[in-house]
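Only one structure is covered here, and it is reproduced in the block below.
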Amino acid sequence: MGNITVTERKPSVEEYIQLRNSVGWKILQYDKIEKGLNNSIYCVCVEDRGNIIGFGRIVGDGGTVFYIQDIMVTPSYQKQKIGTLIMRKIMDYISDNCIDGAIVGLIALSKLDKFYKKFGFVSNQNNCFYRYND
Ligand SMILES: CC(C)(COP(=O)(O)OP(=O)(O)OC[C@H]1O[C@@H](n2cnc3c(N)ncnc32)[C@H](O)[C@@H]1OP(=O)(O)O)[C@@H](O)C(=O)NCCC(=O)NCCS
C-alpha cells in the first residue's frame, strides 16, 4: 500500500473505461460516460504510482438524496481494503453534506452484503441497499 494515493477528483473517461474493463463491466458510450461523470456530485480515485486502480462516485441532489455508484477496484488490488477506503471517503462526504435523515442508496449483488452492511446499509430482496443518514 506504500504508493497508493487517494484523490477526490473526477477520472478521465479513459481511466473510467480502464477500470470498467478491469472488473468486466460493459463499456458504455463515451459521450454518455463523460456526461455522467460531469454530473456526479462527488468522485474519488485511488492510484498506484499515478495509475488508477480504484474509483467510486455519488450522484444525487447533494443534500437530501444520495446514490452511490461505480465502486470499482482493479482485481489485482482487491481484498486489500481499497474498496473500504473508497466507501469511507464517500460516506464521509455524505455525512459532511447531508441533512439529518438523508436517504442513501445503491444497488449491489447480494454477495456484497457484508461489504455494504459495514457502512450501515440494509438490503431488500432486489439487491437494493439503503440507509438513512442520521
Ligand atoms: C466490491 C469491491 C469494490 C470491493 O473492493 P475490495 O477492495 O476488494 O474490498 P475490501 O478489501 O475493502 O473488502 C472489505 C470487505 O468486503 C467484503 N468483500 C469485498 N469484496 C467481496 C466480494 N467480491 N465478495 C464477497 N465479499 C467481499 C469482504 O467481507 C471484506 O471483508 P474482509 O476483509 O473482512 O474479508 C471489489 O471487489 C470490486 O471492484 N468488485 C467488482 C466491481 C463491483 O462489483 N463493485 C461493486 C458495485 S455495487
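Structure remark: mean-square fluctuation, Gaussian network model of the chain, C-alpha springs under 10 Å; the largest value among Ile107, Ile58, Ile90 belongs to Ile107. Each stretch of four or more DSSP H residues adds -39500 (n - 2.57); spread over every residue of the chain, this sum gives -9000 deg cm²/dmol at 222 nm.
For the chain, the relative contact order comes to 20 percent (Cα pairs under 8 Å, sequence separation of at least 6).
Cβ-to-Cβ counts within 10 Å put Lys10, Lys118 in ascending order as Lys118, Lys10, the fewest first. Compared with the dominant Cα axis of the chain, that is its longest principal axis, helix 13-23 is turned about 80°.
A straight Cα-to-Cα reach below 13 Å connects Lys26 with the aspartates and glutamates Asp70, residues fewer than 8 places away in its own chain not being considered. When only alpha carbons are used to place a centre, the stretch 1-55 and the stretch 81-114 end up 17 Å from one another. Farthest towards the positive end of the charge dipole of the chain, among the residues Thr7, Gly36, Ile71, is the Cα of Ile71, using unit charges on the Cβ of Lys, Arg, Asp and Glu. Across the stretch 4-99, Cα-Cα distances exceeding 23 Å account for 21% of all pairs.
Only beta bridges with both residues in the stretch 1-131 are counted; by DSSP, about 90 percent of them are antiparallel.
Placing +1 on each Lys and Arg Cβ and -1 on each Asp and Glu Cβ, with no other charges, gives the stretch 1-110 a dipole about its Cα centre of roughly 320 debye.
Rule-based calculations on the coordinates, nothing more; no lab input. What you are looking at is a predicted structure, and each value in this text was computed from that prediction instead of being measured. A quick note on method: Cβ atoms are made from the backbone with ideal geometry, for glycine too, and the neighbour counts reach across all protein chains shown.
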